[in-house]
């Protein structure tokens, strides 16, 4: 009889432990995801301010193998791309992320 009780207690403890781990990992994932989004927005605000001051020359020292930056004007014309020639790229006005950026002020 004590073995059954012991097994039941262990089973309940395992279920509670797994549920706690799942809940904690969900909260941590959400927290760190929001933190990264906030940091990225702040960094992009700094980039935007520097591009306004310096122009696309600001990107000359960036490592394009790590990040890709595409600077697009309000008409969808590509002004700068870190991994391709801006002159060879088509108009981006009809792209979903550009429409989102024009609507909300930010896009991906």
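Just so you know, all these numbers are worked out from the coordinates, no wet-lab data involved. None of these values were measured; they are calculated from a predicted model. Reconstructed Cβ throughout: ideal geometry from the backbone, glycine too, with neighbour counts over all protein chains shown.
In the chain, the longest principal axis of the Cα atoms and the axis of helix 2-54 are about 10 degrees apart.
Remind me, relative contact order of segment 59-108 in percent, using alpha carbon pairs under 8 angstrom and six or more residues apart? All intermediate terms of the calculation are to be shown ahead of the outcome.
On the way: 56 pairs, mean separation 12.2, N = 50.
Averaging sequence separation for qualifying contacts and normalising by length gives 24 percent for segment 59-108.
Taking every DSSP helix (H) stretch of at least 4 residues in the chain, weighting each as -39,500 (n - 2.57) and dividing the sum by the residue count yields a mean residue ellipticity at 222 nm of -21000 deg cm²/dmol. Could you tell me the calculated FRET efficiency between residue 85 and residue 19, based on Cβ-Cβ distance and R0 = 35 angstrom, to the nearest 0.05? It comes to 0.05. Remark on segment 1-54: Rg and Dmax equal 23.3, 79 Å (Cα only).
Mind ranking 68-80, 88-100 by how tightly packed they are, going by the mean number of other C-beta atoms within 10 angstrom, highest first? Please report the intermediate quantities before stating the final value.
On the way: 68-80: 14.5, 88-100: 12.9.
The most tightly packed comes first, giving 68-80, 88-100.
For the pair residue 96 and residue 46, label points projected 7 Å from Cα toward Cβ lie 3.1 nm apart. In whole Å, how far is the Cα centre of segment 48-69 from that of segment 16-47? So the two Cα centres are separated by 27 Å. Note on residue 104 and residue 10: their simple-model spin labels are 5.0 nm apart, each label 7 Å out from Cα toward Cβ.
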